[in-house]
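One structure is given below, encoded as structure tokens.
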Amino acid sequence: MQTKDQDTLKFISLVVIVCIVTHIINIMTAGSLSDFGVLPRHFGHLTGLAAYPFIHGSWGHLVSNLISFSILAFLVSRSGVSRLIAVFVISWVGSAIGIWIFGRMHYHIGLSGVIYGLWAYLLIYAVMYRSIKSIAIAVLVMFFYGSMVWGFFPVNQWISYESHLFGAISGAVTGYLYARRDKRNKEYRDVSNI
């Protein structure tokens with residue numbers, strides 16, 4: 001196993017373990033950790049901006065998020081573990097701030113904002129960078145996760161479409177900026193090799 005894959009596995013495992021341990025503690029404390037989700041426009045709940053991705057409402061919610069996260073995180077890591085960590089953090093922060101400013105007035109929890117950020121990053125990066133690898137990954141993502149677009153609509157009141165939307169916006173902007181940077185670097189290397 002390559003060092004990059006080992007580091008990717010460590011990072012993904014760390015996130016998975018933190019989410020599982022948090023969920024077990026939440027169950028043992030009768031759901032008290034759910035109060036550490038993002039509560040929009042409440043300065044007394046700013047800790048939720050940091051804690052919300054790791055808190056889940058049920059085992060089903062947790063497992064479905066962890067599977068999607070692990071797959072999409074692995075695909076993002078094909079550009080390096082540092083890239084994965086950057087997209088993860090930007091999606092986390094962007095979705096948290098978006099929820100806090102514009103979200104409906106209830107607690108928002110779960111890793112789905114980050115998941116939507118990873119998803120949008122992969123799609124926008126492929127459109128902008130246009131390498132065979134990035135396009136192949138985007139095709140796979142659309143085939144298996146194309147239905148995620150429905151998560152932008154307020155269909156169910158208990159689903160935080162706001163975290164989906166702002167996570168995706170954050171991931172899309174990140175994909176756009178990284179693709180532009182990577183294209184410039186590639187053009188510079190190509191010119192240098194002439």
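The values are calculated or read from the model by the stated rules, or taken from the named source; none is laboratory data. For clarity, every value in this text was computed on a predicted model and none was experimentally measured. Please note: Cβ atoms are built from the backbone with ideal geometry, for glycine as well, and neighbour counts cover all protein chains shown. Accessible surface is based on the protein model in full, side chains and every heavy atom, while ligands, DNA and RNA are left aside. Shrake-Rupley method; radii C 1.70, N 1.55, O 1.52, S 1.80 Å.
Taking the numbered list (1) β-branched (Val, Ile, Thr); (2) at pLDDT 95 or above; (3) under 19 Å from HIS56 (Cβ atoms) in turn, ILE159 passes all entries but (2). One residue stands out in region 76-89 among those that are surrounded by fewer than 20 Cβ atoms within 10 Å (Cβ to Cβ) and under 12 Å from the mean Cα position of the chain (by Cα): the one that is nearest to GLY31 (Cα to Cα), namely VAL89.
Has region 92-112 got any residue that is assigned to a helix (DSSP H, G or I) and either of a type in the set (Asp, Glu) or over 27 Å from ARG41 (Cα atoms) (or both)? Looking for residues that are assigned to a helix (DSSP H, G or I) and either of a type in the set (Asp, Glu) or over 27 Å from ARG41 (Cα atoms) (or both), one finds none in region 92-112, hence no. Against the numbered list (1) within 21 Å of ARG78 (Cβ to Cβ); (2) surrounded by 14 or more Cβ atoms within 10 Å (Cβ to Cβ); (3) in contact (Cβ under 8 Å) with a residue 40 or more places away in the chain; (4) not small (Gly, Ala, Ser), LEU177 comes up short only at (3). The listed residues are GLY31, GLY60, and the only one of them that is over 19 Å from the mean Cα position of the chain (by Cα) and exposed (fewer than 15 other Cβ atoms within 10 Å of the Cβ) turns out to be GLY31.
Using the structure shown, decide if ILE169 is buried (at least 17 other Cβ atoms within 10 Å of the Cβ), closer than 20 Å to TRP92 by Cα and of a type in the set (Val, Ile, Thr).
So ILE169 passes the test.
In region 116-159, of all residues being of a type in the set (Gly, Ala, Ser) and more than 14 Å from the chain's Cα centre (by Cα), the one that is most open to solvent (accessible area, probe 1.4 Å) corresponds to SER147. Residue pairs whose Cβ atoms lie under 9 Å apart, separated by 6 or more positions or on different chains, with the first residue in region 6-33 and small (Gly, Ala, Ser) and the second open to solvent by 40 Å² or more (accessible area, probe 1.4 Å), are GLY31/GLY57; SER32/ILE25.
For the condition open to solvent by less than 30 Å² (accessible area, probe 1.4 Å) and in a loop (DSSP other than H, G, I, E, B), PRO53 does not qualify.
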